[in-house]
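**Student:** Just passing along the structure, written as structure tokens.
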Amino acid sequence: MTIPRDQALTALAPHVRDEDIVVAVYQTNFDWMALNSRPLNYVAVGAMGQASSHGLGLALANPDRRVFVFDGDGSLLMNLGSLVTIAGSGVTNLHHLLFANRTYEVNGAHPLPAADKVDFEGFARAAGYRESRSFSDLETFRAALPGFIDTPGPQMTVLEIVPGAPYPRDYAYIHGAEARQRFRDAFKAPR
């Protein structure tokens, strides 16, 4: 079984608080923006492979906020070393969710090399993440969410996904100044 990405994001949305930071890349970012447009969505598109590093920097600089990284499997493969850096950093406020569809979806759905052999949950565990788990069933994921979402990290949650409903790819917005300014304004706002 696999989980439609938009349904996984819909299940996650009620658990993301207003003060939490979400770092999302590529198609997961487009879907998240359509489903849960919020000022503290950090737009990291254009930085393939860097979502985990951006998330770590934000988590280290903001220990009083939870940071959710909505990463892609192709993206993470470009920066596997970040797993060890994250695990060794001591952050407890980082939740790394990997949306694994075994393709470079936005770039033409080209298959990942050795897609059927890659064990992302195992990578995170071996790197030293506090917790690492995988889900391929929406109801199991939904039921488990309350148990791990407030647990200290760093944590890896691998979601075996398929594309859900098609959402627009608004490249003008994600590459524009408006998205960055919206994040900055929300980030600086008193809490």
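**Student:** What does the convex hull of the Cα atoms of segment 133-179 come to per residue, in Å³, rounded to a whole number?
**Tutor:** Per residue, the Cα convex hull of segment 133-179 comes to 139 Å³.
**Student:** Something else now. Along the Cα→Cβ direction, 7 angstrom out, place labels at ALA144 and LYS188. What is the inter-label distance in nm?
**Tutor:** 4.1 nm
**Student:** For the chain, what is the percent of antiparallel DSSP beta bridges, rounded to the nearest 5?
**Tutor:** Of those bridges, close to 5 percent are antiparallel.
**Student:** Please report, in whole Å, how far the alpha carbons of segment 1-58 spread along each principal axis, starting with the longest.
**Tutor:** That works out to 30, 26, 18 Å along the principal axes.
**Student:** Hey, another quick one. Suppose the chain between GLU131 and VAL84 were pulled fully straight at 0.36 nm per residue; how much longer would it get relative to their current alpha carbon spacing?
**Tutor:** Working: separation 47, 0.36 × 47 = 16.92 nm, distance 1.35 nm.
15.6 nm is the gain from fully extending GLU131 to VAL84.
**Student:** Please state the charge dipole magnitude for the chain, taken about the Cα centre, from unit charges on C-beta atoms (+1 on K and R, -1 on D and E), reported in debye and rounded to the nearest 20.
**Tutor:** 460 debye
**Student:** Per-residue counts of other Cβ atoms within 10 Å, averaged by peptide: what ranking do you get for 58-71, 81-94, highest first?
**Tutor:** With the highest mean Cβ count within 10 Å placed first, the list reads 58-71, 81-94.
**Student:** Using only the C-alpha atoms of the chain, find the volume of their convex hull and express it per residue in Å³.
**Tutor:** Taking the convex hull of the Cα positions in the chain, it is 105 Å³ per residue.
**Student:** I would also like to ask the following. For segment 9-105, take the convex hull of the Cα atoms, compute a quarter of its surface area, and give me that in nm², please.
**Tutor:** If I average the Cα hull's projected area over directions, I get 5.7 nm².
Throughout, read-outs are computed from the coordinates displayed, never taken from laboratory work. Values in this document were obtained by computation on a predicted structure and should not be read as measured data. Virtual Cβ from ideal backbone geometry, glycine too; neighbours counted across all protein chains shown.
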